[in-house]
Amino acid sequence: MSRIGIFGGSFNPVHCGHVRMAVESREQLNLDRVDFVLSYNHPLKAHDDQLPFATRWHLLQGALSGMHGYQVSVLERIFPGPSYTIKILSLYRRRYPEDELFFILGAADLVSVPTWQEGLRLIEYAGLAVVPRFGVGLQETADTVAQSWPDAVRKSSTVWDFSSGTSLHYLDAPILDISATDIRRRLLQGKSVASLVPFCVERSLGPLLPLLRQVKS
Ligand code: ATP
């Protein structure tokens with residue numbers, strides 16, 4: 001039996017916050033691997049400043065090259081329609097029936113899970129690995145669990161067990177105030193994004209600037 005992390009995102013572009021949270025999840029939850037599931041058609045994001053799927057995929061591949069245990073999944077490219085997380089998790093469940101699955105997300109996103117398509121049912125398919133973000137931390141996580149899954153049992157200060165057999169783990173990870181929105185803004189302003197994105201991503205983003213300007217316009 002393997003333990004698999006599923007990390008969904010638009011990765012527009014991938015940045016150091018993403019890579020670090022995958023590393024923290026893998027180490028703290030003892031995961032065999034983390035799959036970055038690149039959204040093709042994100043239902044909650046504007047598409048007017050989205051780099052093409054192939055470009056985001058290429059940047060992700062570069063960011064993860066040489067990192068054992070981390071890979072890019074193109075699941076979303078294969079299945080048409082909006083990239084609903086519930087769809088991804090049910091596909092993983094079917095594909096890996098014996099394995100333990102964890103969906104990785106930022107705490108600021110966890111608080112909105114109840115509004116996602118079948119959001120409350122995510123825990124039927126996978127556990128949750130929650131990473132602090134943007135001032136949203138343990139208290140907000142506890143409040144969300146209490147309101148959304150009232151029968152969850154708090155096993156420790158950072159772990160809740162759900163009646164579905166999965167658990168939520170709030171990770172002790174450094175708060176990295178980095179977002180893809182901020183990276184895109186800096187690039188369009190002609191500023192450096194050094195150390196905010198992996199070096200190979202920084203190198204690839206320079207030539208992509210005209211494309212970024214084009215998708216933004
Ligand atoms: P954008 O700024 O374009 O909205 P983003 O930086 O939030 O993008 P996404 O690809 O949407 O990046 O993020 C995928 C997942 O990673 C989400 O669950 C998000 O909360 C989480 N995440 C992204 N960056 C961080 C970070 N710096 N710290 C913690 N979680 C993060």
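No value in this document is a laboratory result; all are computed from the given coordinates. Computed from a predicted structure; not experimentally measured. Quick reminder, even Gly has a Cβ in these numbers, built from the backbone with ideal geometry, and neighbours come from all protein chains shown.
What are the semi-axes of the equivalent ellipsoid of region 59-140, taken as the square roots of 5 times the eigenvalues of the Cα gyration tensor, listed largest first and rounded to whole Å? Provide the component values of the computation, followed by the final result.
Working: eigenvalues 94, 70, 37 Å².
Result for region 59-140: semi-axes of 22, 19, 14 Å.
The base-10 log of I(q)/I(0) for region 124-217, evaluated at q = 0.11, 0.18 Å⁻¹, reads -0.52, -0.81 [Debye formula, identical scatterers on Cα atoms, solvent excluded].
For the chain, what is the calculated [θ] at 222 nm in deg cm²/dmol (nearest 500), taking -39500 (n - 2.57) for each run of four or more DSSP H residues and dividing by its residue count?
Details: 8 runs with 82 residues, N = 217.
Helices in the chain give a 222 nm mean residue ellipticity of -11000 deg cm²/dmol.
For region 3-178, what's the relative contact order in percent, using C-alpha pairs closer than 8 Å and at least 6 residues apart? Walk me through the intermediate numbers first.
Values: 285 pairs, mean separation 39.3, N = 176.
About 22 percent, as a whole number.
Neighbour counts of C-beta atoms inside 10 Å place 85, 141, 181, 158 in the sequence 181, 158, 141, 85, starting with the fewest.
Taking label points 7 Å from Cα along the Cα-to-Cβ direction, residue 93 and residue 138 give a separation of 3.0 nm. Using only Cα coordinates, the Kirkwood hydrodynamic radius of the chain works out to 17.8 Å.
Only Cα pairs within less than 10 Å get springs; with that Gaussian network setup on the chain, which residue of 120, 128, 110 has the largest fluctuation? Sorting by GNM fluctuation, first place goes to 120.
Computed from Cα positions, the angle between helix 138-148 and the longest principal axis of the chain comes to roughly 60 degrees.
Counting other C-beta atoms within 10 Å, and keeping those with at most 15, which DSSP coil GluC sites (Glu not before Pro) do you find in region 108-160?
Values: sites: 118, 124, 140; in loops: 118.
Loop-located and lightly packed - 118.
Once both labels are positioned 7 Å from their Cα atoms along Cα-to-Cβ, the gap between residue 182 and residue 194 label points is 1.8 nm. Note on residue 175/residue 203: beta-carbon distance plugged into 1/(1 + (r/R0)^6) with R0 of 25 Å gives a FRET efficiency of 0.40. Note on residue 117 and residue 159: with the Förster distance fixed at 22 Å, the Cβ-Cβ geometry gives a FRET efficiency of about 0.25.
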